[in-house]
1. Using only C-alpha positions, report the orientation-averaged shadow area of the convex hull of region 316-397, nm², one decimal.
2. How big is Rg to Rh over region 494-589, alpha-carbon atoms, Rh as the Kirkwood inverse-mean-distance radius?
3. Over the chain, calculate the relative contact order: mean separation of alpha carbon pairs under 8 Å at least 6 apart, over the residue count, as a percent.
4. Rank Met600, Val627, Ile648 by how far each Cα sits towards the positive end of the charge dipole of region 531-665 (+1 on Lys, Arg Cβ; -1 on Asp, Glu Cβ) and give me just the farthest.
5. Neighbouring Cβ atoms within 10 Å as the yardstick, rank Ser115, Ser239 fewest first.
6. Counting pairs of Cα atoms in region 360-429, how many percent are more than 15 Å apart?
7. Rounded to the nearest 20 debye, what is the charge dipole size of the chain about its Cα centre when +1 sits on each Lys and Arg Cβ and -1 on each Asp and Glu Cβ?
8. With r defined as the distance between the Cβ atoms of Lys662 and Glu591 and R0 fixed at 35 Å, what FRET efficiency is calculated, to the nearest 0.05?
Amino acid sequence: MYADKPVPHPDGNYYMKAEQQSQNASISANKPSQIAGLVDYSNLRSLPEIWQITAKLFPDTVALIDPHAKAKVSLTYAQLNQQIQQFATGIQALGVNGDATESIPPRIALIADNSPRWLIADQGIMLAGAANAVRSSVAEKGEILYIIEHSGSIGLVVENIKTLKKLTPELSNLPLQWVVLLSDEDAEENPDLKVFNFTQLMDLASKNTLEVVKQNHQTLATLIYTSGTTGKPKGVMLSHGNFVHQLTSCTALIQPNVGDKTLSILPTWHSFGRIGEYYLLSQGCTQIYTNRRYFKEDLETYTPQYVVGVPRLWESIYEGIQKSFRQKSPKMQKIINNFLSVSESYIKAARVWKRQDLKNLHPSNSEIFQARIKTILLAPLHYLGELIVYKKIQQATGGKLKQLICGGGSIAQHLEDFFEIVGIDILVGYGLTETSPVLTARRPKNNLRGSSGLPIANTQIKIVDLETHKALPQGQRGLVMAKGPQIMQGYYLNPEATQKAIDNEGWFDTGDIGWLTPDNQIVLTGRAKDTIVLTNGENIEPQPIEDACLRSAYIDQIMLVGQDQKSLGALIVPNLDALEAWLLSKNQPMEGEIDLNSKMIRDLFREELNREVRDRTGYRRDDEVIVFDLIKEPFSVENGLLTQTLKIRRNVVADNYQEVIKKMFR
C-alpha cells in the first residue's frame, strides 16, 4: 500500500490519498466535511501514533459515543487523544517504563469490556511503553487469574470494584504492583496493593509529564488469550507491526468518510472487533457503543454506515425481520414471499452474468445471455419489491448502511441471499486471532458470495494436503496455510505450540479447510478439528450442513454430532415464536409450554431437516441428519456454550449434553 504526500485541504486539515491495492477505484475529493482520501499509516512505527494524527486531522469530529453509560459519554478526537496521553502519563507515574531495545515490554493486564475508557486504557498502556494482556471482565475467575500470572503483568486495569472483588484475595499471591479501576468508585484500602480509580489516575497524570517511548514494528503490543478448548489458553503475541499492517491493508476494503458512524458491539478486546474499531477510528469515523439489548434500537437511532459483526448478529436481524413478516396478514405474507422469490431469481441470474456465481464461475456465452435476459425480465418486479418491502427493511436497519463487515465464522447462504435481495451489502472477511486477524476479504466491487475473498496486501494463501502438507492445485480442498506481516510473533512462553503453528518458512497452519477459486479467492468449508468421522470412514464437515438447516424458520441454533457413529445427529434449539405461530395455523390450542416431544412437533422437524439437507448443494446421503433432540435452553455466552464472538463451543456443548447424545444414538 502506497500513498501520496499529504496535501492541504481548504478547511486547514491535512489529508492523504491512498492508492488502492486490489482495485482500481479512485477516491474523489468531496466537500470539506468529508475526507478527500484515506489517511495513510504505512509509516507508523507503533499503533498509538494514530491518535496524534487523528487529533490533528479531525479535532472536532466526535470519535466516541456511549449512550448507555450512566452518564452519556461523547468524546471528540482531540479529547480522545488528550485522555489517552493522560492515561499513559498516569501509568508511567506508577512505575511503567518501556525500553525501545526490548521487543517484549512490561505487561499490564486489562480486564474490562466495551466502553470509551477501555480504548483509552488500551492505547494509554501502549503509549506508556507497555503491552496489555486482555480479557473480558465476565470471564471465569480462574481464567483471568491465569492470564494475569502467565503474562507476568506488573499492573492490572479492571472494569470496576465488582471485578476486583471477584479476583481477590488471590491477587495478593501475584507480582502485581498496582490496580487501576476504569470506574470512579472509591476502592477500599488494600494493604497488599495500591488501588486507584480512573479519576485518581488522571489526577496523578496532571502532576507528571509523559515520557516518549520509542517502539517499532517488532515491539509486542498485546497478548490475546485464546479460549482453551483443552488445557490452558494460549497467549497470542501481536506486535505493533501486525496492527499497522492491518490498518494500511484495510483501505482496499472499506473507504469511509469522516464522520461516518459505526456501531461497536463485538468484544472490544477481541482481535476482530478491535481491528475494526482501530481502522474506522483511524479514518475519522464516529463509533457508538451498543450491546445486544439495544442493538436494533441503536440501528434506527444512530443510522450507522458500518457495522462490524459476526454471522450470529446478522442471523438475529434476519430472524427479527422474519418474525415481523409472520405478524402480517396472510395476504401480505403471500405478497412478501412472492417478491422475495422473484428477487432471489433476479440476484442469482445477475450473479451469473457478472461471473459472481460460486457454483458457475465460468459461464458460457449462452448462459450469460440467458441470465441477462432473465434479469431484464425480472428487474421491474424486483424494483417494485424494493419500493414496497425492501426499503422498509433498510429503514429498520437505519437506512444508511453502506456495508456490514462480517467475520468470525461462516455466514449461511440464505442470509447472503436475503441481504443481497433487500439491498444491504455484506463484506465477508477471514482470519484468526493469530493473524491479527484479517487474512482475506471480499471487495465492494468483487463480492463473490460464498467466498471469504482475496488475500489482503502482502498476504499469501496456499492449500495443502492434510497429511503430507504438499501444496494442492486451485479448486482442490485441503488445509489452509497463510503467510504475511499479520502473522503473530508466536504463543507467549510456549515455543512448542508456536513451532506446531508456524513452520520454518513462516507459514501459519490455520486449522481451516478450504479451496481457492481460479482468481485466488478463498472458499472455506470447515475446521479440520470439527470434522466428524462416521464409522463408514466418511468425513463430514458440519458447518455447511448446519448453515443449510438454519434456513428453516423453526431452527434457531443447531450443532451436528456423530463422531464414530453410523450417521449424523443434531442438537437443535427451536425457534419457539415460529413454532407457536405454526401451531396456531394448525388450529392447535396452546396450553402452557410447547411439548417439544410431541409427535406433531418432531414430524415437523424431521421434514425440515430432510428438506434443507437434501436441497443443499453437494448433498450426499451421509449428510442426512438421522437422529435429533430438541433442547429449550439456547446456546449463549452466559451459559458458556457460545464464545464471545457467538460461535458454538462444540466441545463444551458436547460435554454438557453427553447423556442426551448417547441416548440419541442408542
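1. Its Cα hull, projected and averaged over all orientations, spans 6.2 nm².
2. 1.16
3. 9 percent
4. Val627
5. Starting with the residue having the fewest Cβ neighbours, the order is Ser115, Ser239.
6. Result for the distance tail: 66 percent.
7. Here the size comes out at about 1740 debye.
8. Calculated value: 0.65.
Rule-based calculations on the coordinates, nothing more; no lab input. From a predicted model like this one, the values you see are computed outputs, not experimental measurements. Cβ sites come from the backbone with ideal geometry, for glycine too, and all protein chains shown count toward neighbours.
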